[in-house]
Ligand SMILES: NC(=O)C1=CN([C@@H]2O[C@H](COP(=O)(O)OP(=O)(O)OC[C@H]3O[C@@H](n4cnc5c(N)ncnc54)[C@H](O)[C@@H]3O)[C@@H](O)[C@H]2O)C=CC1
Ligand SMILES: O=C(O)C(=O)CO
């Protein structure tokens, strides 16, 4: 193997007993304080390039490393987990809730705990999906470009006419934390009806829609309704707006393909703030070309940071660079949870019993519970669970 080249770092608490590496600088100071107050020497990579290679990360791990905080852009597989194990490490955390960039089986083989950061980005991500929905429905980006180009010469009945959401049907594929939060926003905010598809029943979401429908009815308004679809195709056929929120795995890869695009309404809006490969993006570009009234709002792309050829030219697409979780509160919370996953494993703390209830770790003014907030392979590694 080629010698890894030296890589630039910033060191905090140089005399700390445990060596923890973060492959990126992350928002906030609390995560740094939590590590350095607990006897960690923290090394933050300051290399200017955005996406670190496996070789870059091998150089960061070096000969001795207790734990690493990494990013969703990195390829965490056998090479890195075995190197971390050889360096004496036991802990890795993604600074993300999604961990499709991590080969969890390779981590299991090497006895490395894998952390993620659920819960803290639910509302922020759902709000961005809602923003993309509105931007697509009301053609906000096209209209903004038109204004800046000096083309506006007065109000016209036909100028940038878009879609009214009220009374239409919102379809959610993957009604987990984020999908359910998005559904609630669209139902409560815009009085849309719901159709959803998930492997599991979203009982709380269903109860919310029923109760809200009753509230509207009692006020003399048209009630909202919900339906759990038996197949994804039912959602695609019926919904006016479809938002994708599943995990990315082999069951959801290219979930939106040419056949499924073909059954969607010609004027539907499709939103993706999950993972790029959930959509066959080349097929989507063709569909956008053939159906100018079909609109799409994308936060994620199949080959990030690139877009498939032709997508950037499509006026019926709104595109943003994977910023769905980018609110200050959320990003600081993600940093904290990732650091506490690594710290907790190094200290031998048990794993928090409910990864959907992470608030106790986020209180700026209190010592966090002695637990790892969220370890996805806790069971496989036989890690003890904290009593709540
Ligand atoms: N764009 C961004 O910045 C962000 C993207 N994400 C992505 O969103 C995903 C979801 O996050 P959470 O809601 O917190 O996770 P979650 O685990 O609460 O929800 C995922 C849902 O997808 C469902 N699902 C799994 N396979 C499915 C299938 N084949 N068909 C339909 N549904 C299926 C699951 O049953 C679950 O309800 C993450 O895994 C991540 O990839 C998350 C945060 C920010
Ligand atoms: O958390 C994730 O999975 C993201 O995509 C970034 O927040």
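Values in this text are rule-based calculations from the coordinates and carry no lab data. Owing to the predicted nature of the structure, the values given are computational and were not obtained by experimental measurement. FYI the Cβ positions are ideal-geometry reconstructions off the backbone, even for glycines, and counts take in every protein chain you see.
Side notes on the structure shown:
- Angle in degrees between helix 328-347 and the longest Cα principal axis of the chain, rounded to the nearest 10: 30
- In degrees, nearest ten, helix 122-137 long axis to first principal axis of the chain (Cα): 30
- Relative intensity of region 244-355 on a log10 scale, I(q)/I(0) at q = 0.16 Å⁻¹, equals -0.78, per a Debye sum over C-alpha point scatterers of equal strength in the absence of solvent.
- Mean Cβ count within 10 Å, highest first, over the residues of peptides 166-179, 229-242: 166-179, 229-242
- Taking 7 Å steps out from each Cα toward its Cβ at residue 214 and residue 313 produces label points 5.5 nm apart.
- Cα centroid separation - region 269-317 against region 32-88, whole Å: 33
- Overall form of region 70-133 per C-alpha gyration tensor (a/c, 1.5; a/b vs b/c): prolate
- With each label modelled as a point 7 angstrom along the Cα→C-beta vector, the residue 303-residue 109 pair spans 2.9 nm.
- Prolate/oblate/rounded label for region 137-281 (Cα gyration tensor, a/c 1.5): oblate
- Across region 198-290, C-alpha contacts under 8 Å between residues 6 or more apart give a mean separation that, scaled by the residue count, equals a relative contact order of 24 percent.
- Three principal axis lengths of region 216-297 [C-alpha, angstrom, descending]: 47, 30, 21
- Overall form of region 12-59 per C-alpha gyration tensor (a/c, 1.5; a/b vs b/c): oblate
- Evaluated over region 1-157, the Cα radius of gyration and Dmax, each in Å: 21.1, 69
- By the equivalent-ellipsoid construction on the alpha carbon gyration tensor, the chain comes out with semi-axes of 40, 24, 19 Å, ordered largest to smallest.
- Only Cα pairs under 8 Å and 6+ residues apart enter the sum, and on that basis the relative contact order of the chain stands at 17 percent.
- Region 3-85, relative contact order in percent, only Cα pairs under 8 angstrom and at least six apart counted: 38
- Nearest 10 degrees, 0 to 90: helix 281-290 Cα axis against the chain principal axis: 20
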